Amino acid sequence: MCLSTVYKNTQSPETLVMRNVMRVECKDGCVVLTDLMEHTLAIQGTLQEANLVDGFVIVKENA
């Protein structure tokens, strides 16, 4: 199973949004994240990068 950590705009501890993300969906101008516990979070923005080998995703937040 591939789980990822999601960050806003850049990969740093200060921009961490969610850990153990199992699903990333892009819809209606939002990136919707779902973790292992089925918690969801929607961020207005676009998917900037998804590195599944290193286990991180970066979402570019709309200004």
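Numbers below:
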| read-out | value |
| --- | --- |
| Those residues of region 17-48 which are under 11 Å from S4 (Cβ atoms) and without any contact (Cβ under 8 Å) to a residue 12 or more places away in the chain, in sequence order | R23 |
| First in region 1-16 and closer than 20 Å to T40 by Cα and at pLDDT 95 or above, second anywhere and open to solvent by 30 Å² or more (accessible area, probe 1.4 Å) and among the small types (G, A, S), Cβ under 8 Å, 6 or more apart | S4/A50 |
| Exclusive hit being acidic (D, E) and surrounded by 12 or more Cβ atoms within 10 Å (Cβ to Cβ), set E14, E61 | E61 |
| Residues (open to solvent by 80 Å² or more (accessible area, probe 1.4 Å), of a type in the set (D, E, K, R) and in contact with a strand residue (DSSP E or B) (Cβ under 8 Å, 6 or more places away or on another chain)) located in region 17-37 | R19, R23 |
| Region 1-33 - residue that is under 15 Å from N51 (Cα atoms) and β-branched (V, I, T) and, of those, farthest from the chain's Cα centre (by Cα) | T10 |
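The values are calculated or read from the model by the stated rules, or taken from the named source; none is laboratory data. The structure presented is a predicted model; accordingly, all values stated were derived computationally and were not measured. Cβ atoms come from the backbone with ideal geometry, glycine included; neighbour counts cover every protein chain shown. Accessible surface is based on the protein model in full, side chains and every heavy atom, while ligands, DNA and RNA are left aside. Shrake-Rupley method; radii C 1.70, N 1.55, O 1.52, S 1.80 Å.
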